[in-house]
Amino acid sequence: MAAIKNGLLTLSNIFSKSTSLAACGFQQVRTKYVNRWMIRDVKRRKLAEKYAPERLRLVAMKRNDILPLELREAVGKQIDETIPRQTALRQLTPRCMLTSRPRGTLPRWRLSRIVFRHLADYNKLAGVQRAIW
(Lines give C-alpha, C1' and ligand atoms only; values in the text may rest on other atoms or scores of the structure.)
Protein backbone atom coordinates (compact mmCIF):
# COMPACT_ATOMS: atom_id res chain seq x y z
CA MET A 1 0.00 0.00 0.00
CA ALA A 2 2.83 2.35 0.86
CA ALA A 3 4.52 1.61 -2.47
CA ILE A 4 1.38 2.58 -4.38
CA LYS A 5 1.07 5.77 -2.34
CA ASN A 6 4.70 6.70 -3.02
CA GLY A 7 4.26 5.96 -6.72
CA LEU A 8 1.19 8.17 -6.93
CA LEU A 9 2.96 10.98 -5.09
CA THR A 10 5.93 10.92 -7.44
CA LEU A 11 3.63 10.79 -10.46
CA SER A 12 1.62 13.77 -9.22
CA ASN A 13 4.84 15.70 -8.54
CA ILE A 14 6.00 15.07 -12.09
CA PHE A 15 2.72 16.30 -13.57
CA SER A 16 2.48 19.34 -11.31
CA LYS A 17 6.05 20.47 -12.10
CA SER A 18 5.78 19.79 -15.81
CA THR A 19 4.99 22.85 -17.90
CA SER A 20 4.91 20.97 -21.18
CA LEU A 21 1.40 19.62 -20.50
CA ALA A 22 -0.13 23.07 -20.83
CA ALA A 23 1.43 23.42 -24.27
CA CYS A 24 0.03 20.05 -25.39
CA GLY A 25 -3.55 21.30 -25.29
CA PHE A 26 -4.57 20.16 -21.82
CA GLN A 27 -5.34 23.68 -20.68
CA GLN A 28 -8.80 24.98 -21.49
CA VAL A 29 -8.94 28.20 -23.49
CA ARG A 30 -11.73 30.61 -22.65
CA THR A 31 -12.93 33.58 -24.64
CA LYS A 32 -15.30 36.41 -23.95
CA TYR A 33 -17.89 34.90 -26.31
CA VAL A 34 -20.71 32.60 -25.24
CA ASN A 35 -20.22 29.73 -27.68
CA ARG A 36 -18.74 28.68 -31.00
CA TRP A 37 -21.56 30.18 -33.05
CA MET A 38 -20.89 33.58 -31.55
CA ILE A 39 -17.18 33.26 -32.37
CA ARG A 40 -18.06 32.32 -35.96
CA ASP A 41 -20.46 35.25 -36.21
CA VAL A 42 -17.83 37.70 -34.97
CA LYS A 43 -15.33 36.38 -37.52
CA ARG A 44 -17.89 36.78 -40.30
CA ARG A 45 -18.68 40.32 -39.20
CA LYS A 46 -15.01 41.29 -39.30
CA LEU A 47 -14.59 39.76 -42.76
CA ALA A 48 -17.77 41.43 -44.01
CA GLU A 49 -16.59 44.81 -42.73
CA LYS A 50 -13.29 44.39 -44.53
CA TYR A 51 -14.61 43.16 -47.89
CA ALA A 52 -18.13 44.64 -48.04
CA PRO A 53 -17.49 47.72 -50.23
CA GLU A 54 -15.50 45.78 -52.82
CA ARG A 55 -17.94 42.88 -52.82
CA LEU A 56 -20.95 45.16 -53.31
CA ARG A 57 -19.26 46.92 -56.25
CA LEU A 58 -18.36 43.67 -57.95
CA VAL A 59 -21.79 42.10 -57.40
CA ALA A 60 -23.45 45.21 -58.84
CA MET A 61 -21.23 44.92 -61.92
CA LYS A 62 -22.00 41.21 -62.21
CA ARG A 63 -25.77 41.80 -62.14
CA ASN A 64 -25.71 44.77 -64.53
CA ASP A 65 -27.44 43.85 -67.80
CA ILE A 66 -25.93 46.75 -69.74
CA LEU A 67 -22.34 45.50 -69.45
CA PRO A 68 -21.02 42.94 -71.96
CA LEU A 69 -21.25 39.26 -71.05
CA GLU A 70 -17.46 38.77 -71.09
CA LEU A 71 -16.96 41.55 -68.55
CA ARG A 72 -19.65 40.16 -66.26
CA GLU A 73 -18.09 36.70 -66.42
CA ALA A 74 -14.66 38.15 -65.60
CA VAL A 75 -16.14 40.01 -62.62
CA GLY A 76 -17.82 36.81 -61.42
CA LYS A 77 -14.52 34.97 -61.64
CA GLN A 78 -12.80 37.78 -59.72
CA ILE A 79 -15.43 37.55 -56.97
CA ASP A 80 -14.84 33.82 -56.62
CA GLU A 81 -11.05 34.13 -56.56
CA THR A 82 -10.36 37.23 -54.48
CA ILE A 83 -13.22 37.62 -52.00
CA PRO A 84 -14.01 35.00 -49.34
CA ARG A 85 -17.49 33.49 -49.38
CA GLN A 86 -17.92 34.22 -45.69
CA THR A 87 -18.26 37.93 -46.45
CA ALA A 88 -21.81 37.71 -47.79
CA LEU A 89 -24.06 40.04 -45.83
CA ARG A 90 -26.93 37.54 -45.91
CA GLN A 91 -24.89 35.13 -43.78
CA LEU A 92 -24.75 37.52 -40.84
CA THR A 93 -27.17 36.41 -38.17
CA PRO A 94 -28.31 38.95 -35.59
CA ARG A 95 -27.49 37.27 -32.28
CA CYS A 96 -28.10 38.20 -28.67
CA MET A 97 -24.91 39.54 -27.11
CA LEU A 98 -25.52 37.79 -23.78
CA THR A 99 -26.93 34.40 -24.75
CA SER A 100 -26.04 34.10 -28.46
CA ARG A 101 -29.66 33.30 -29.28
CA PRO A 102 -30.21 33.70 -33.04
CA ARG A 103 -33.97 34.25 -33.05
CA GLY A 104 -36.16 36.91 -31.51
CA THR A 105 -33.51 39.59 -31.20
CA LEU A 106 -34.22 43.30 -30.94
CA PRO A 107 -31.76 45.04 -33.29
CA ARG A 108 -31.59 48.32 -31.37
CA TRP A 109 -30.31 46.66 -28.19
CA ARG A 110 -28.83 43.47 -29.76
CA LEU A 111 -30.59 41.40 -27.08
CA SER A 112 -33.02 38.52 -27.36
CA ARG A 113 -36.60 39.10 -26.33
CA ILE A 114 -36.14 36.94 -23.24
CA VAL A 115 -33.11 38.81 -21.94
CA PHE A 116 -34.65 42.15 -22.90
CA ARG A 117 -37.78 41.46 -20.89
CA HIS A 118 -35.76 40.28 -17.90
CA LEU A 119 -33.59 43.39 -17.91
CA ALA A 120 -36.57 45.68 -18.48
CA ASP A 121 -38.40 44.12 -15.51
CA TYR A 122 -35.55 45.01 -13.17
CA ASN A 123 -34.89 48.50 -14.62
CA LYS A 124 -31.49 47.55 -16.03
CA LEU A 125 -32.06 49.18 -19.44
CA ALA A 126 -31.81 52.96 -19.70
CA GLY A 127 -34.93 54.57 -21.11
CA VAL A 128 -36.98 51.36 -21.16
CA GLN A 129 -39.99 50.99 -18.93
CA ARG A 130 -42.34 48.06 -18.75
CA ALA A 131 -45.87 48.87 -19.81
CA ILE A 132 -48.28 48.87 -16.85
CA TRP A 133 -51.96 49.60 -17.27
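The values are calculated or read from the model by the stated rules, or taken from the named source; none is laboratory data. Please read all numbers here as calculations on a predicted model, not as lab measurements. Note that we place each Cβ from the backbone using ideal geometry, even for glycine, and neighbour counts take in every protein chain shown. In case anyone asks, the SASA skips ligands and DNA or RNA and just uses the protein heavy atoms, side chains included. Shrake-Rupley method; radii C 1.70, N 1.55, O 1.52, S 1.80 Å.
Summary of computed values
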item: For LEU67, residues with placed amide H under 5 Å, excluding near neighbours; result: none
item: Student exercise, region 82-127 dipole from Lys, Arg, Asp, Glu Cβ charges, in Debye to nearest 20; result: 140
item: Heavy atoms of ASP80: accessible area, 1.4 Å probe, square angstrom to 10; result: 120
item: Cα shape, region 63-133, gyration tensor, a/c 1.5 rule; result: prolate
item: With all protein chains modelled, accessible area of ILE114 [1.4 Å, Å²]; result: 90
item: Separation of the ARG110 and VAL59 label points, Cα + 7 Å toward Cβ, nm; result: 2.1
